[in-house]
Amino acid sequence: MHITTRNLFLLLRAGAFGQQDRLEPMSAWKWRKTYQLAVAHGVEAEAYEGLEVVSDQFFAQLVPDELRSRWADCAAEARRRSQNRSTELPARLSKQLDNIVESYPEATVEHGMLEGIMLLSYSLLTDDCWVLRLLALGEQVREMGQRVNRELLQKWLRQTRLARMAQLEGAMLVMLMGVQPEELPMAMPRRKDAINAQVDAIASAIPHGREQWQFEQGKNIFVHTTNASAMVWNARRAARFFAYSPRESLNQLFSSFRLSLKNIEE
């Protein structure tokens, strides 16, 4: 994991949970890179709050003044936008959640935790602001994790085929957000080394935006892609999460494929 990524997560821990872990020394260029990462993942406000929390640390004082000022302005704008910021589940996951809510109307704490796990799962598979969703799930765990009926939540995770994905998310919360394993309402995996390596690979892959395949049809009947790197990237991402959520990873891969085919350039 790159130093800019590590420091980004240290800032997020500080901003969301008040943890004052020591920042690693970075040049002005790398601080700009960290700022760009925060903006790319929609967590510029939370990262700036973390920068304020650790402002007495020596390496935090090396952030260029012009960058700190720009970061503050961007964070203020992000806070204003956050009131209208939301993520919607795809229809199939949303229906599963609705069915569970109807069957267990009194389990409101567990509903919220399951929805948070589903939202992060979908964001990871689509590479859509997953850092922000991870942060939100971490806040949920800190706020209500000890009140969750773990047996009931685990039953729902198996029912929705998200048990392994939830284990991955739990490992991400521990490694990247500093959440303690005993705080987690989901089960932790037995093979910690393998899943920790996966978490490191996911975090090392940022920044990314969701790349769409582009197809065009030439003078003949054959259709070919004009963005082979995006095709490979989407395939690799599906393969990365296949062991944790086979059905949803394939759904996202073919969904991206279908979306690109609809935009064939003549």
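The values are calculated or read from the model by the stated rules, or taken from the named source; none is laboratory data. This is a predicted model, so every value here is computed, not measured. A quick note on method: Cβ atoms are made from the backbone with ideal geometry, for glycine too, and the neighbour counts reach across all protein chains shown. Remember, those area values only see protein heavy atoms, side chains included, never the ligands or the DNA or RNA. Shrake-Rupley method; radii C 1.70, N 1.55, O 1.52, S 1.80 Å.
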| said: Using 0.36 nm times the number of residues separating Asn99 and Ala40, minus their current alpha carbon distance, what extension gain do you get? | reply: 17.8 nm
| When ranked by the protection proxy of mean other Cβ atoms within 10 Å per residue, highest first, what sequence do the peptides 91-102, 132-143 form? | 132-143, 91-102
| query | Looking at the stretch 109-149 from every direction and averaging, what is the projected area of its Cα convex hull in nm²? | reply | 2.5
| query | Using the beta-carbon distance between Gln180 and Leu89 and R0 = 22 Å, what value does 1/(1 + (r/R0)^6) give for FRET efficiency, to the nearest 0.05? | reply | 0.20
| query | Per-residue accessible area for Tyr122 at 1.4 Å probe radius, Å² rounded to 10? | reply | 50
| request: Would you kindly state how much longer the chain becomes between Glu151 and Asn196 on full extension, computed as 0.36 nm times their sequence separation minus their alpha carbon distance, in nm to one decimal? | output: 13.8 nm
| Using a basic spin-label model with each label point 7 Å from the Cα along Cα→Cβ, how many nm lie between Ala187 and Arg161? | 1.8
